[in-house]
Every structure is written in C-alpha cells, then in structure tokens.
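Contents: one structure, followed by commentary.
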Amino acid sequence: MNAWLVLGLVLLAAYVLGATPTGYWAGKLLKDIDIRQYGSKSTGATNVLRILGRGPAIAVLLIDIFKGVAAIALTRYVYSLPNIAALPLPSGLPLGTWLPWAVMLSGLMSIVAHSKSMWIGFKGGKSAATALGVLFALSWQVGLGVATVFLLMLALFRIVSLGSIAGAISASLWMIALRQPLPFLLLAIAGGIYVLITHRANIQRLLAGTEPKVGQKHL
C-alpha cells in the first residue's frame, strides 16, 4: 500500500466522521423537521437547545465532541499499525514518523467537515464542539483548559457564542503554555481561526449587543 493512499483514506475517514450531521438527524428523528429552517439555522447543539430542548442538545453536544476525538483516535490507530507505520515516504523515512502532522490534518479535516457536511448540502454547525473534541484527543490538558475558558465565559455572560469564541482564541495559548508539538499548535491556530470565521455573524451581533443569551430566542 502507498503511503499517500493511507494518508488520503485517513483524511477521508476524518471528514466522514466530522461531517456526521448530528443536530440535523436529531431534528428529523424527534420532530420531523429540518433544524436548518429554525433559529440560527445551524445544526449545532446551541440551536438544538433552542428548538428541541436540553436533552437532545446535550446528546448532540457530546456526539459532536466525540466526532473530533474519534478522528484523532482513528488516525493514531492506523499509523500505529506496524505495516502502515513502516511504509516509506519519498524522503525515505517511515510513515509512522509523520504521525503528528497526519493528526494535524485529520483534526482540521474533521473541524471543517462539521460545518461543511456532504450529507446536508455542505452546511452544518459552527465546529466549536468538534474542535473541542479534537483538542481533548490531542492533549486532555489543553482540552480541559479550553473547556474551562468556555464555561467561565458562559457563566459570566450566558452567551454560548462568546464562550466558543473565547475558547477558540485560547486554544493556541494553551498549546504554547503546555509546550505541545508544533503540528498541534498549528492545528490550534488554524482550527481557532476557522471557528472564528464560522462565528462571524455572532461576532457582529455581539458587537451590536443583539446576540441572544441562553434561554432567549434567536433574533
């Protein structure tokens, strides 16, 4: 088997995991609705909370986090297989030595896939939960740090998007503080920027003072 084929297949698997439209399926199963037609039009846990309630929102949140964990776990497993790890790269080094960079690409792929799901017309959520799952899989300390920032901002301001934005910004800082490998830092930077991009409408509403708090309807 070719090393590049392995990388391509692993990235494809990471995309499929990240693209799983949990919130969309929850809307269809519980109320036979397309949740993208309601609230913020997102398939993420926050919109599920507004439309379907707390129980479904918690389930969607946990599954979306797990998608990121699974993408990283799968990549590490495949690259740990002796026959795969020994495949030669063009440089002559075995494929297993490239694991941190493969993890970086798989993590980023799953983050993007959450908001660009092929199952629902390349739309989806805002990738914050899946990104958190990726961070937990890379380093539980970093994941815990980002989750703490999110929960602190949520407790202070009761605005989910503000917590997600703060968490995304803090991810690279936690990577630096905890001296994580360069590929992991680059993933935190790229993933954080992507999460900020998916939250651009939220940022505009935050600046305008119109972003809804937990329990309020989306304006």
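The values are calculated or read from the model by the stated rules, or taken from the named source; none is laboratory data. Only a predicted model underlies this, so the values are computations on that prediction, with no experimental measurement involved. Virtual Cβ from ideal backbone geometry, glycine too; neighbours counted across all protein chains shown. Accessible surface areas use protein heavy atoms only, side chains included; no ligands, DNA or RNA. Shrake-Rupley method; radii C 1.70, N 1.55, O 1.52, S 1.80 Å.
Results, tabulated for the structure shown:
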read-out: Unit charges at the beta carbon, dipole of the chain: most positive-side option, 175, 111, 12; value: 111
read-out: The chain, accessible area per residue, ligands and nucleic acids excluded (1.4 Å, Å²); value: 50 Å²
read-out: Sum of -39500 (n - 2.57) over DSSP H runs of 4+, divided by residues of the chain (222 nm, nearest 500); value: -23000 deg cm²/dmol
read-out: Per-peptide average of other Cβ atoms within 10 Å, ordering 11-24, 104-117 highest first; value: 104-117, 11-24
read-out: Residue 123 long-range amide H proximity, modeled H, under 5 Å; value: 117
read-out: Under 21 Å between alpha carbons - lysine pairs in the chain that sit 8 or more apart or on different chains; value: 21
read-out: Heavy-atom accessible surface of segment 3-208: percent carbon and sulfur, 1.4 Å; value: 73 percent
read-out: On Cα atoms only, tilt of 160-177 relative to the major axis of the chain in degrees; value: 30 degrees
read-out: Acute angle (nearest 10 degrees) that the helix 99-115 long axis makes with the longest principal axis of the chain, alpha-carbon atoms; value: 30 degrees
read-out: Cα radius of gyration and Dmax for the chain (Å); value: 17.8, 58
read-out: Gained length - residue 173 relative to residue 208, 0.36 nm times residue gap less alpha-carbon distance; value: 9.9 nm
read-out: Helix axis angle, 22-31 relative to the chain longest principal axis, alpha carbon, degrees; value: 40 degrees
read-out: Total formal charge among the other residues, if their Cβ is under 13 angstrom from that of residue 26, Lys/Arg +1 and Asp/Glu -1; value: +2
